[in-house]
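Report on the following structure.
The values are calculated or read from the model by the stated rules, or taken from the named source; none is laboratory data. Fair warning: this is a prediction, and the values are worked out from it, not measured in the lab.
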Amino acid sequence: MKSKKINKARIKTLAGFSLLELLVVLFLLSLGYATLYSAGIGDSDQSDSFETTKSEVRASIRYAKRLALAKGQPVAVSILADEIRLFDSTGTNAIPSPTTKKAYVVSSSFSLSSFVVDETTLMLADGNSVSQIYFDEHGRLSSKVTAGDAFSPLKDSVSITISDAGGAAEKIVTINNITGELM
């Protein structure tokens, strides 16, 4: 008889949490996450941080080059004030995103700009200025002055910068004009 009392006492001291206690803890954790999510802190997919924008810009440049190599056709990279868009060789038809099948766009609350080292505008090797860069079918940087022109290589490497609202800028990617590789 005495051994049964010891076993029952030992079972009670070794018992874990009750189901009700675990449910209360899970509820409180989910409530805390919901609060952070609604405040925009816990939402990693929608956060528009500096580092997120940097990695998205770099990924879109890599994607454009790989797409040009895979299709054997030039891909235009258009860098606007706060977004990057990809277009086909004509520069007018948007390239669809591989995941959403909608136009491929990388948007940001930061300001994006492109420039050529030691120049203020994008220049072709023949001295003409251009506004769009292309990855040609060989993955090299090129462009053209008008829609009917043939592609011509860029004179210098291209850098893309990102700026915050305060004007602080940081170079986030440089693209080699000959190989099209990110530097």
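Checking ILE6 against (1) part of a helix (DSSP H, G or I); (2) at pLDDT 75 or above, only one condition comes out false. Which one?
(2)
Looking only at the stretch 135-166, which residues are farther than 21 Å from SER60 by Cα and part of a strand (DSSP E or B)?
Hit for the stretch 135-166 is SER152, nothing else.
What number goes with the only condition from (1) assigned by TED's automatic domain parsing to the domain that holds LEU141; (2) within 13 Å of the chain's Cα centre (by Cα); (3) at pLDDT below 85 that ASP45 does not pass?
(1)
If SER107 passes every condition in (1) over 20 Å from the mean Cα position of the chain (by Cα); (2) modelled with pLDDT under 85; (3) not aliphatic (A, V, I, L, M) but one, which one does it miss?
Failed condition: (1).
Going by what's in this entry, would LEU69 be described as at pLDDT below 80 and either over 20 Å from the mean Cα position of the chain (by Cα) or among the aliphatic types (A, V, I, L, M) (or both)?
So LEU69 fails the test.
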